1. Given points 7 Å out from each Cα along the Cα-Cβ axis, report the residue 65 to residue 41 separation in nanometres with one decimal.
2. Would you list 26, 127 from fewest to most Cβ contacts within 10 Å?
3. So if we plug the beta-carbon distance of residue 28 and residue 48 into 1/(1 + (r/R0)^6) with R0 = 22 Å, what FRET efficiency do we get, rounded to 0.05?
4. Give me the percent relative contact order of the stretch 18-70, please, defined on Cα pairs under 8 angstrom at least 6 residues apart.
5. With label points built 7 Å along Cα→Cβ from the Cα atoms of residue 72 and residue 120, find their separation and express it in nm.
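Computed from the coordinates by the stated procedures, all read-outs in this text should not be read as laboratory data. Because the structure is a prediction, the values reported are computed rather than measured. Ideal geometry is used to build each Cβ from the backbone, glycine not excepted, and the neighbour counts take in all protein chains shown.
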């Protein structure tokens, strides 16, 4: 029966939080706790040398801190803005100039000559040489 009572007691959050545990309770380091929180909450002695804080007062401080320092997501939501000044121009203007490749500037296409059929016939000829029957050496 004593073990069952001890398990119930440990499930209850303590009202007093010792100084060594208070920064971790708020999720910060000891230096930040001393600088940011400790001046604004009451502390009281526990035993001969211990110092503690009221958990409810720490919760109130945390609520006030969140209300004062939280960032509104609606004001920071424009993450898809243009990365370049060219993209922000009006739709009627062409923001990206068309560039012709150097190869197409040097060699204009010959009219009336298809390179596809020439390439296919050369491929078929090469394929026939590789896969075809070889004449016997004797």
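1. Going by the 7 Å Cα→Cβ label model, 0.8 nm.
2. Exposure proxy ranking, most exposed first: 127, 26.
3. Rounded to the nearest 0.05, the efficiency is 0.20.
4. It comes to 35 percent, rounded to a whole number.
5. Here the answer is 6.5 nm between the modelled labels.
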